[in-house]
1. Quick one: length gained pulling Ser191 to Ser211 fully straight, 0.36 nm per residue minus the C-alpha distance?
2. For segment 68-158, what class follows from the C-alpha gyration tensor (a ≥ b ≥ c being the square roots of its eigenvalues): rounded when a/c is under 1.5, otherwise prolate if a/b is larger than b/c, else oblate?
3. Using a simple spin-label model with points 7 Å from Cα along the Cα→Cβ vector, what separation in nm is obtained for Met1 and Ala27?
4. Give me the mean projected area, in nm² to one decimal, of the convex hull enclosing the Cα positions of the chain.
5. Can you list the residues, at least 5 places off or on another chain, whose amide H is less than 5 Å from the amide H of Asp143, using H built in the peptide plane?
6. Kindly report the accessible area of the chain per residue (heavy atoms of protein chains, probe 1.4 Å, no ligands, DNA or RNA), in Å².
7. If you take the charge dipole of segment 2-256 about its Cα centre, with +1 on Lys and Arg Cβ and -1 on Asp and Glu Cβ, which of Leu125, Gly213, Val66 is farthest toward its positive end?
8. Between Ala174, Ala111, Ala124, which gets the highest mean-square fluctuation from a Gaussian network model of the chain, Cα cutoff 10 Å?
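The values are calculated or read from the model by the stated rules, or taken from the named source; none is laboratory data. Computed from a predicted structure; not experimentally measured. Cβ coordinates were reconstructed from backbone atoms using ideal geometry, including for glycine residues, and neighbour counts include every protein chain displayed. The protein model used for the area step is the full one, side chains on, heavy atoms only, and it has no ligands, DNA or RNA in it. Shrake-Rupley method; radii C 1.70, N 1.55, O 1.52, S 1.80 Å.
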Amino acid sequence: MIEVTEGTGPLILGLPHTGTDLPDGIAGDLNDTGRALADTDWHIHRLYAGLRGDVTSVRTRVHRYVIDVNRAPDGASLYPGQNTTGLCPLTDFDGQAIYRPGREPGADDIARRAAAYHAPYHAALAGQIARVQAAHGFAILYDCHSIRSHIPFLFDGILPDFNIGTDGGRSCAAAVARTVEDICAAATGYSHVLNGRFRGGWTTRHYGDPSAGVHAIQMELAQSTYMTEAPPWGWNAARADRLRDQLGRILDALAELPDLARTGGPT
């Protein structure tokens, strides 16, 4: 269920929400809304594929409705007081139930899913961070996400195109955030925000420790930048090619940053 590609460079791509696999016992518990898988980070692994040849990537093929590997294993909310979805979501991003009545996962079900799917993803991710850091003295975890640009249940209005999350500057050196933000700001025809509605999920917050040489940053892309935001969730080649150019610039710039090993890097 976990796909790992080992690269030689300092960059690690996290791909927690691109999977669409539903184990048989869980698929039957979902209702039609759940089985539609609307909240997939559609095509994200394709969007980043081949942008750099030396990146490491860690991907789970299991859908986030089974268990969300970008949520805390204890189920703590990422955004207290705001609408969001949890470790084993019961609703989609529109607030609609995704399970058949009475078929929602209980505590034992959640514990089994955590052991079967959440823990192996993070074991793989932690292992790759350790390997990359041993090779370079530091590691940059770039967590790859996308979401529909208009979801009233989660946020008002239209989401910016590039949503950069660094947990308020705590998960990476200032140079890492500045590098990404500067490229996004210079990208003609795109909007961006740093630590807006999406400030980084559990992965970014858990692993980011710049003082120890581990820098984590989340990129949440508005899906309107590269695809059709409705079933069948089609890839838009022209938009995607234009976006891939900007994403390639970001990855190249991060990989070429000066040594970020021991002090949190340049500020």
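1. Gain on stretching Ser191 to Ser211: 4.2 nm.
2. oblate
3. Going by the 7 Å Cα→Cβ label model, 1.5 nm.
4. For the Cα atoms of the chain, the hull's average projected area reads 13.2 nm².
5. Amide H neighbours of Asp143: Gly14, Ile217, Gln218, Met219.
6. On a per-residue basis, the chain sits at 40 Å².
7. Final value for the positive-end residue is Gly213.
8. Result for the chain, Cα springs under 10 Å: Ala111 fluctuates most.
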